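Beneath this line is the structure, given in structure tokens, with notes to follow.
Values quoted throughout were computed directly from the atomic coordinates according to the rules given, and no laboratory measurement underlies them. Being a predicted model, the structure only gives us computed values, none of them experimental. All Cβ positions, even for glycine, are placed from backbone atoms using ideal geometry, and neighbour counts span all protein chains on display.
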Amino acid sequence: MLVVEHLTKVYEDGTVALKDVSFTVEDGEFLVIIGLSGSGKSTLLRCINRLIQPTEGRILWNGVDITQANETEMRRIRREIGMIFQHFNLVERSSVLTNVLTGRLGYLPSWWSLVNFFPQSEKRRAMQALERVGIADKAHNRADALSGGQKQRVGIARALMQDPKIILADEPVASLDPVLAHSILGYLEKLNQEHNITVLCSLHYLDLVQRYATKVIGLRDGRVVYEGTRENIRNITDEEFKHIYGQEAQRLSVGG
Amino acid sequence: MKDGRQTQHKAWLQALLSLLVPGLGQAVGGAISRGFYIFLTEAVLSGLAVFAAAQRPRYPDYGLSFHAYLRLLGASAALVIFLLALYWLARRVSLRSEFAKTAAGPTFAALSALIAVLVAPRMVDTVLAPEEQKKLFALTALFTAMVVAAIWAWNVYDAAQVRGKAHAPSLTPFYLLLIVGIITLGARIVQINPDKAIREYKDTGVILSRIVWPWKVAFDYKASQLVAEAKVQAPCPPGATPPPVNQPQEGQPWVVVTPTCGELSKRDAKGKLTFGTQLTIRGGGFQPGKKVHILWENPIGNAFTPRGVGPTEIVVGPDGTFSTQLYIPDVTIPSMAQGAQIHTLRVVQRGTAKFTGKLSKAMKLALEKMLESIMMGLMATAAGILLSVPLSFLAARNLMHNIHTTTEGFVGGVLGLVGGAYAGKRLADVLTPLVGGLEKAPVLTFTIYVVLVLGLAIGAYRLLSRALAQAGERLHPTLSLSIGILGMALIGGGVGYALGIGYAHGILGITRGAEAAQAMAHSSGMFGAALGAALAAFWASRLGANGKIPIGQFIYAAVRLLLNIGRSIEPLIWAIMGVIWVGPGAFAGFIALTIHSVAALGKLYSEAIESIDPGPIEALQATGATRLQTIVYAVVPQVLPPFTAFTLYRWDINVRMSTIIGLVGGGGIGFLLIQWIHQFQYEQAGLAVWLITITVATLDFISANIREKMV
């Protein structure tokens, strides 16, 4: 269970990215965060695995306060939290297999990396992960030879290597076309339902939210302005919509 | 209206202020930086004018006659009037065409510059006598002063126009005057003298041609020559038995000298020659129609061409014989040699030299040293890579800027580093005598020191920094704060003490002498310690318990500073230091190139690291990867192509540098080159220059090709 309590993030230039954000994510939930660009979605996700250091507040992960963890503890916590990114964040010049294997680094001794050593068992695990996302045949291609959708699947395979209990997905489909978006979110849904991995995902399109989310929170200017279940979001009113997205926003539907 | 009057009033004020202090009026008028630059320019230019004037005594015949001055002024005025007339004419003629009107200005400027360069020297030639021209050279100070005055005048006019930053007249006159001033001074200081370059070029041709096409000395030639010898005794004391007179022999070259005994010529202290005995020389059996050369060989076997005692080159007659007369030359006899000595007169006729196809000694030497240079460049590049790669990561802002430590961790780290290093040194002190010490096994001993000092320092650093950082988190805040303050005070005190001692020796040693500095070192150190401890403790208390110290930024700044220093000092200077350190030779050059390569590559590498995509780093951090793992899997793959390109580029530079680093004793072909130049062996020097050129061009081509394929 992930509990976020009174989380605030003020950047060094004074920008308030998050203001007193609190919510709870039960195990096995598919929680979607919605909001405009700059509303604090990325900051919120990055605070959870401390890629960004929160200014105030607590984040309890199964009872442990992530914000207070030291370096060694953080390594242990981070390897339970997978993350996928809008721009995939693959090492373009490395092979797909190496990119997937890097997901396992949190479990491996640091000095092995000096000689670029991965045990055979980990390589098999990486191949299995690639099979699960359906691109095992690309294992030895360079990452920059893949299409956008394939790259995001490598990103998911990399996260799977961590044996994650939760996956943070920062606008995972914003760089992809609608068909690919459904395919990627389909993988996440499968992981969520079949392997009981909690998913925290930020999304732009409301129809995708309605299709995949079990729970939704809306952020606006760093504050939580909306909290709802799948039912709530399916019946979202114009008023609620404008409360999240601002008065000028128009509802539109993309894909299906 | 009121505004206008106010502006009018201010314009006068500004002009007046600028008349007193250049630039002040502009500053008051709102154009502060404009005023500052005008002031700076005037200060620098007048300073340089004073400098030029101070050099006047070095030109004792300074000062043109009034007449010459008038002629010069008249000619200059005529030139300026001519130019202005030309400009006016150009404007008149081109009034109808917009393009021509805009083009008139630049054309006029270009034409003036052309005339200044081409016509002005000729004009000076015409109106001034040569000895007057020399004096003109000393007029730079006056001329610069005129430029200063002109800028001053312009500045007053400018000040009157300035109304805030937006309303300021064009700066073009200022820039033009500035350029004139700088060129005048620059030409004088650099002693640019085109006349000399042209006048003396013809004498250079012979030597230059030897350098440009030196291939004759690259090969060995077999010279067939005809030789005949005769013995001569000198001096000729009474009762001596002179060598027998030669007899002409058929079928081989011969020479007959009479008499075979005589007195040497003498040369007094002033170089005046008193002739000795005159010899009659007859010879035969040589090739008709060609020259023979007469050489004199002294008793210890040194042969030379006799000078000033008669002809030494004689053309052989049609029957193969010749005859001539020669005084016995003046020969410096070693002081140990007593009494009569046997000298040899040798007649040599050289035939045509035959090409053997074998490389000459000089060429072989040059090739060998060229190889040495290339290898030096290669080794320096390799060593440079090894040392600069780790440094470059420390000098990459994006990797270092977010590394922080707590006060307690910092205290533990520094104490660990210092304590560990000290313990390592003591341990090595005990251990190294067992392997023979610095004298018998220098490398092993040094390695033991490095491993122990570094190893224990890093080990203790990790242990103590972690222990104290964790203690700082667990303990009561007051307690951890006092640990932080105490530790920081200790560190600050140590640094302050070292700085205090350094101040005593480095600064007081200069102003008050070494002995006084020695006496004051202790108190200065203690004062530094107290001040350092107080400042550090104050800082620690401000940071509070678990205060954040941006240790990464400190390391970044320190490494950057080191790299900048290393790069700012030219490889040639490093080579001089290397020669002082390990003596002349390729090793000194290697050290010099390595140091410069580390600094240069470190900077290039770190900039390559700074420009990588941060996404993969973020992704790997999110998986729980350590810093080392993140670098290996997210940074290294991204920086490999630029690193390769920079390395090749550096290799290129290093081989180039290695060819001339020998000029200061750093080994390689440069060493040979400078020797040959000093011995006036221009052909051989030419060989070296050719080899360098070929090597560098080849290398350029290869590295450009590889780089193209790599990146």
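Some values worked out for this structure:
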item	result
Backbone N within segment B:201-234 under 15 Å of label point (7 Å from residue B:287 Cα along the Cβ vector)	B:222-228
Cut-off 11 Å (backbone N to label point 7 Å along Cα→Cβ of residue B:315), residues of segment B:276-304	B:289-291
Average beta-carbon neighbours from other chains, 10 Å sphere, peptide B:637-643	2
Acute angle (nearest 10 degrees) that the helix B:682-710 long axis makes with the longest principal axis of chain B, alpha-carbon atoms	40
Residue B:557-residue B:375 FRET efficiency (beta carbon distance; Förster radius 45 Å; 0.05 resolution)	0.80
Segment B:463-554: chymotrypsin sites (Phe, Trp or Tyr not before Pro) falling in loop per DSSP and having at most 11 other Cβ within 10 Å	none
Average partner coverage of A:154-163, which counts Cβ from other chains inside 10 Å	1
Charge tally in the Cβ shell below 13 Å around residue B:400, where Lys, Arg are +1 and Asp, Glu are -1, residue B:400 excluded	+2
Whole-Hz couplings from phi, Karplus 6.51/-1.76/1.60, listed for segment B:538-552; x for Gly and Pro	4, 4, 4, 5, 5, 5, x, 5, 6, x, 8, 10, x, 4, x
Label zone at residue B:258 (point 7 Å along Cα-to-Cβ), backbone N below 16 Å, segment B:271-297	B:278-284
Cβ crowding within 10 Å averaged over residues, with B:679-690, B:301-312 ranked highest first	B:679-690, B:301-312
Convex hull of segment A:88-163 built on C-alpha atoms - directionally averaged projected area, nm²	4.6
Percent of Cα pairs exceeding the 50 Å cut-off, where the set is chain B	52
Cα-based helix-to-principal-axis angle, A:120-132 vs chain A, degrees rounded to 10	40
Shielding by partners - mean other protein chain Cβ count within 10 Å, residues of A:68-74	2
Summed residue charge, Cβ within 15 Å of residue B:27's Cβ, Lys/Arg positive, Asp/Glu negative	+2
Residue B:644-residue B:512 pseudo-label distance in nm [points 7 Å out on the Cα-to-Cβ vector]	6.2
Protection proxy ranking of B:660-671, A:128-139 - average other beta-carbon atoms within 10 Å, highest first	B:660-671, A:128-139
Rough spin-label spacing in nm, given labels placed 7 Å along Cα→Cβ, for residue A:114 and residue B:581	2.6
Within-14-Å neighbourhood charge of residue B:559 [Cβ basis; K, R +1; D, E -1]	+2
Order by protection proxy (mean Cβ within 10 Å, highest first), peptides A:80-86, B:604-610	A:80-86, B:604-610
Cross-link table A:9/A:242; A:19/B:603; B:231/B:290; B:216/B:290; A:151/B:603, entries beyond 30 Å C-alpha to C-alpha	A:19/B:603; A:151/B:603
Residues residue B:201 and residue B:325, FRET efficiency given R0 of 51 Å [Cβ-Cβ distance, rounded to 0.05]	0.75
Efficiency of FRET from Cβ geometry, residue B:531 and residue B:21, R₀ 51 Å, rounded to 0.05	0.80
Within chain B: Cβ-based charge dipole about Cα centre, in debye rounded to nearest 20 (Lys, Arg +1; Asp, Glu -1)	1080
For segment B:218-359, convex hull volume per residue from C-alpha positions, Å³	141
Helix axis angle, B:2-20 relative to chain B longest principal axis, alpha carbon, degrees	40
